[in-house]
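As structure tokens, the structure follows; a few thoughts come after it.
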Amino acid sequence: QVQKACGALDILVNNAGIIQEKPFLETTDADWDRMLATDLTSVFLTARAFLPAMVARQQGVIINIASDLGILGRAALAPYCAAKAGVIGLTRSLAREFAPAIRINAIAPGPVNTAMVSLASMSAESIQKELDIPQHRFAEPSEVAATALFLASDLSRFYCGQVLGPNGGSV
């Protein structure tokens, strides 16, 4: 529908994500399935929908949003960490398959000041872990957007399968 309405897509940013803090042994199959469907399968499906047109034009940029927790892991966030680690693996695989015509990279931010990552909804232990990074604060969405703008621009034309981490020093 997007391609019909707007024509060729030059830049795709896969930025779907949900998070749920829950001990692993309490995580249900439904919790797992929901997290992977939203945070990983959506990236697969969207890339698969738009890549044929990019391949036909021999140009395009895909930026997948992962998370520093896809690299670090975190107790009580196993499905989220697994999904975001999957985004990193998918990014690297697709980058190798579709380079050099299509540049595919990922951003793995640390905590970002959004409605999804609210201090009000986090346990005291999680809040301490989030604020115990060298910058001692959450990123602002504009700081992550600056990384996306870089990856979308010609300034990053030699980046391929990379994971950039605006994470305040968490990784």
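The values are calculated or read from the model by the stated rules, or taken from the named source; none is laboratory data. None of the values given here were measured: they were computed from a predicted structure. Heads up, the Cβs are rebuilt from the backbone with ideal geometry, glycines too, and the neighbour counts pull from every protein chain shown. Ligands, DNA and RNA are stripped out before the accessible areas are found, and what is left, the full protein with its side chains, is counted by its heavy atoms. Shrake-Rupley method; radii C 1.70, N 1.55, O 1.52, S 1.80 Å.
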In region 31-73, residues that are within 15 Å of D10 (Cα to Cα), outside any helix (DSSP H, G or I) and open to solvent by 30 Å² or more (accessible area, probe 1.4 Å) total 2
Mind listing whichever residues of region 19-30 are free of Cβ contacts under 8 Å to residues at least 12 places away in the same chain and open to solvent by less than 80 Å² (accessible area, probe 1.4 Å)?
T28, A30
I'm told L69 meets every condition in (1) touching a residue at least 24 places away in the same chain (Cβ under 8 Å); (2) touching a Lys or Arg at 6+ places or on another chain (Cβ under 9 Å); (3) among the aliphatic types (A, V, I, L, M) except one. Can you identify the failing condition by its number?
(1)
Considering only region 128-167, how many residues are open to solvent by 40 Å² or more (accessible area, probe 1.4 Å), part of a loop (DSSP other than H, G, I, E, B) and farther than 16 Å from I88 by Cα?
8
Considering only residues that are farther than 18 Å from F138 by Cα and either surrounded by 22 or more Cβ atoms within 10 Å (Cβ to Cβ) or among the hydroxyl-bearing types (S, T, Y) (or both), which ones fall in region 95-127?
I102, R103, I104, N105, A106
